[in-house]
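Participant: Could you have a look at this structure, given as structure tokens, before my questions?
Just so it is clear, none of the values below were taken in a lab; they were calculated from the coordinates. Quick caveat, the model's predicted, so the values are computed rather than measured. So basically every Cβ, Gly included, is an ideal-geometry build from the backbone, and we count neighbours across all protein chains shown.
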Amino acid sequence: MQLLETLAHQPDAGVTELSRRLQMHKSTTYRFLNSLSELKYVRRDPDTERYSTTLKLFELGSAVVQRIELWREANPIMERLAHETEETVHLAMLEDDRLVYLHKIESTQTLRVSMMSRIGQTAPLHCTGLGKCLLAFSAPRTAERIIKKHSFTKFTETTITSASNLYAELQQIRDLGFAVDNEEHERGVRCIAAPIAPPDGPAIAALSISVPSVRLPEDDTDRLAELVHQAAVEIGSRLRHGAHR
């Protein structure tokens, strides 16, 4: 990390110079630089044998900024959706091919879902509304890569346990515009999720409502799906407008 910070402020330096500045043995400095080069964080100029940082750090920083921006734009809309439905609302995105919860607003009702979800935690992709929604509206190659290596753990009687069944459901989700978790991850919990995506682009995140199954009859799914969809579209619109502010 000291090497990266030094190179960020002095983007062209040699091994001897870096080892002297960091008071680090030259062989250790060289070994660390090789590791950073293999990970694509720094590059070595073959002519001058001097090192500089790459744009990979910028990519990492941009991802963090995107999460902060997403949280800021989504929060008021999530609060409104939670107030309107009196149910638990989640926001999640894909990171390193995993579903990660970014935000959660708990239901204020006495009878509410008792879920394992926590901000910063991960959850399975194949049996959650958010996960299936993110897969359905990801770039096709991304979804295929994730599904090929995915473990289809069975959590309940309704969990999808094969890639073929998941692919079929993902197509249905794309047709409907939303995903439903019908007690597939946790018994007694049903979720409805919609993608947050730019026009004609892959989803950058997903929004969901989680409801005790006893309080979500089949004929009420479409009404809640429309509310989630509208909220997700509004968040996407705010992100696009914010990018041009």
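Participant: Provide the gained length on full extension for the span GLU49 to GLU84, in nm with one decimal, where the gain is 0.36 nm per separating residue minus the Cα-Cα distance.
Facilitator: Result for the pair: 6.5 nm of gain on full extension.
Participant: What is the local net charge at PHE32, summed over the other residues whose Cβ is closer than 12 Å to its Cβ (Lys, Arg +1; Asp, Glu -1)? Working shown, then result.
Facilitator: Details: positive: LYS26, ARG31; negative: GLU38.
Charge balance near PHE32 sits at +1.
Participant: Could you tell me the largest-minus-smallest coordinate of the C-alpha atoms of region 117-221 on each of the three principal axes, in descending order and whole angstroms?
Facilitator: 37, 29, 29
Participant: Which of the trypsin sites (Lys or Arg not before Pro) found in region 121-217 are loop residues per DSSP with 10 or fewer other Cβ atoms within 10 Å of their Cβ?
Facilitator: LYS149
Participant: I need ILE235, ILE192, ILE119, ILE147 ordered by Cβ neighbour count within 10 Å, fewest first.
Facilitator: Result, fewest neighbours first: ILE119, ILE147, ILE235, ILE192.
Participant: A further question on this structure: Once R0 is set to 25 Å, what does the formula 1/(1 + (r/R0)^6) return for the Cβ-Cβ distance between GLN172 and THR142, expressed as a FRET efficiency to the nearest 0.05?
Facilitator: For R0 = 25 Å, the calculated efficiency reads 0.85.
Participant: Applying 1/(1 + (r/R0)^6) with R0 = 45 Å to the Cβ-Cβ distance of ARG98 and ARG31, what FRET efficiency is obtained, to the nearest 0.05?
Facilitator: Calculated transfer efficiency: 0.90.
Participant: Could you tell me the calculated FRET efficiency between LYS149 and GLN23, based on Cβ-Cβ distance and R0 = 45 angstrom, to the nearest 0.05? Let's see the in-between values first.
Facilitator: Working: r = 43 Å, r/R0 = 0.96.
Here the calculated transfer efficiency is 0.55.
Participant: Hey, another quick one. Taking the Cα centre of region 2-54 as the origin, how large is its charge dipole in debye, to the nearest 20, when only Lys and Arg (+1) and Asp and Glu (-1) carry charge on their Cβ atoms?
Facilitator: Values: 8 positive and 7 negative charges, 34 e Å.
The dipole magnitude comes to about 160 debye.
Participant: Right, something else. Cut-off is 10 Å between beta-carbons; in what order do SER117, SER107, SER213, SER164 appear when sorted fewest neighbours first?
Facilitator: The fewest-first ordering by Cβ neighbours comes to SER164, SER213, SER107, SER117.
Participant: Amide H neighbours of PHE178 under 5 Å, at least 5 residues apart or on other chains, H built in the peptide plane: list them.
Facilitator: Under 5 Å from the amide H of PHE178: no residue qualifies.
Participant: To continue, here is another question. Give the span of region 63-243's Cα atoms along each principal axis, as three whole-Å numbers ordered largest to smallest.
Facilitator: 39, 39, 29
Participant: Would you look at the GNM of the chain, springs on alpha carbons closer than 10 Å, and say which of THR158, THR53, THR142 moves the most?
Facilitator: THR53
Participant: Same structure, new question: Taking a cut-off of 21 Å between Cα atoms, list the lysines near LYS132, but don't count ones fewer than 8 places away on the same chain.
Facilitator: Cross-link targets: LYS104, LYS148, LYS149, LYS154.
Participant: Nearest 20 debye, what's the magnitude of the dipole of the chain about its Cα centre given +1 on Lys and Arg Cβ and -1 on Asp and Glu Cβ?
Facilitator: On the way: 30 positive and 33 negative charges, 221 e Å.
Computed about the Cα centre, the dipole is about 1060 debye.
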